[in-house]
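Novice: Would you mind keeping the following structure in view while I ask a few things?
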Amino acid sequence: MTILTDLTSVKAWLKKTDAENDDQLTELIGSVCHACEAYLGRPLERISRTELVPRVRQFERSFRLRANPVTVITSVKVATDGDFASATALDAETYAQSDLDSGTLHFNFDLQEGRNHIQVVYTGGIAPDIATIKTTHPDLHHAANLQIGHEWQRRNTPGSSSDRTTGASKTFVGEVALLKRVRELLDPHARSFQAHT
C-alpha cells in the first residue's frame, strides 16, 4: 500500500536528515498512500490477488477487476455454493483476455446471476515497487510527496479551524484533505467506472 513513495523520498522532500520523526513519517506515508488509492478507486501495487466478483447481473458477460493493468490471469472459478476449493477452474478459452490493460474480463457465455460466486486469481497493478513508480509514474510519486508535505506541515492544526490571533484578526484554515494539485495528478489514473455495482 505504500508503493507511491517511501521514507527516503519523503525525508528528501521535507529536507529532513535526522531520524527523530521517522515513525510519524512512516505512519503518514501509509495513511496518504491509502487515501490516494481510495481516491483512485483501485489498488496500485502489482501483486498476485484473489478477487471475488461481488455481483453479477443476469446475462452479464464481462466485469472489471479492481487492480489494472492485469499482467496474467491464473484462474477463474465459478462456485454458486462458495466452495472454490472444490470448484474446477474454467478453460482459458471460455474468457477473453484481450482487454487486460483496463482489467476487463470478457466471457463467451452468459454468467449466472449472483453474488461472490466468481473467483479470479490474477496479477494486477501498475507497478511492483517504489523504484518502478518513480520511473514509470513520477506524477503519482510527486502527488504522494506533495500531500505528505502538506499534511506534515498541518500536523498541529488538522481540524477545520485554526486560531492564529494577531491583535483582533483570526485566520480559518480548512480541514486536511487531498490538495487540488494532488487530485489533478491522480485523476488521469483513476478508474473511469465502478467495476461491480
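Any read-out appearing in this document is the output of simple, stated calculations on the displayed coordinates, not a laboratory observation. Just so you know, these numbers come straight off a predicted model, no measurement behind them. As a convention, Cβ positions derive from the backbone with ideal geometry for all residues, glycine included, and neighbour counts pool all protein chains shown.
Novice: Just grab the label-to-label distance for ALA92 and ASP110, each label 7 Å out from Cα along the Cβ direction, in nm (one decimal).
Specialist: Calculated label separation equals 2.9 nm.
Novice: Give me the net charge of PHE59's neighbourhood, meaning all other residues with Cβ under 11 Å from the Cβ of PHE59; Lys, Arg count +1, Asp, Glu -1. Could the numbers behind the result be given before it?
Specialist: On the way: positive: ARG57, ARG61; negative: GLU60, ASP110, GLU113.
Residues near PHE59 contribute -1 overall.
Novice: Computed from these coordinates, which is volume of the Cα convex hull per residue in Å³: (1) 264; (2) 132; (3) 152?
Specialist: Only one listed value fits the structure, namely (3).
Novice: Using r as the Cβ-Cβ distance of ASP187 and VAL72, and R0 as 22 Å, what FRET efficiency do you calculate, to the nearest 0.05?
Specialist: Details: r = 28 Å, r/R0 = 1.27.
Approximately 0.20, to the nearest 0.05.
Novice: Quick one: net charge around GLN24, please, counting Lys, Arg +1 and Asp, Glu -1 for every other residue with C-beta under 12 Å from its C-beta. Don't skip to the answer; put the middle values down first.
Specialist: Values: positive: LYS11, LYS16, ARG155; negative: GLU20, ASP22, ASP23, GLU27, GLU151.
Neighbourhood net charge equals -2.
Novice: When Lys and Arg each count +1 and Asp and Glu each count -1, what net charge do the other residues less than 14 Å away from ILE126, Cβ to Cβ, add up to?
Specialist: On the way: positive: ARG42, ARG46, ARG49, ARG66, LYS134, ARG191; negative: GLU37, GLU45, ASP101, ASP129, ASP139.
Net charge around ILE126: +1.
Novice: Would you mind calculating the gained length between ALA131 and ALA19 on full extension (0.36 nm times residue separation, minus the Cα-Cα distance), in nm to one decimal? List each step's numbers first, then the result.
Specialist: On the way: separation 112, 0.36 × 112 = 40.32 nm, distance 2.20 nm.
Gain in length upon complete extension: 38.1 nm.
Novice: Next question. Can you give the charge dipole size of the chain about its Cα centre, rounded to the nearest 20 debye, using +1 on the beta carbon of Lys and Arg and -1 on the beta carbon of Asp and Glu? Show your work: numbers first, answer last.
Specialist: On the way: 22 positive and 25 negative charges, 138 e Å.
Using only the charged Cβ atoms, the result is roughly 660 debye.
Novice: Starting from the Cα of LEU52, step 7 Å toward the Cβ, then list every residue of the range 61-95 with an amide N under 17 Å from that point.
Specialist: Zone members listed by number: 65-66, 76-88.
Novice: Let me ask something additional. For the chain, what's the relative contact order in percent, using C-alpha pairs closer than 8 Å and at least 6 residues apart?
Specialist: Details: 328 pairs, mean separation 55.7, N = 197.
So the answer I get is 28 percent.
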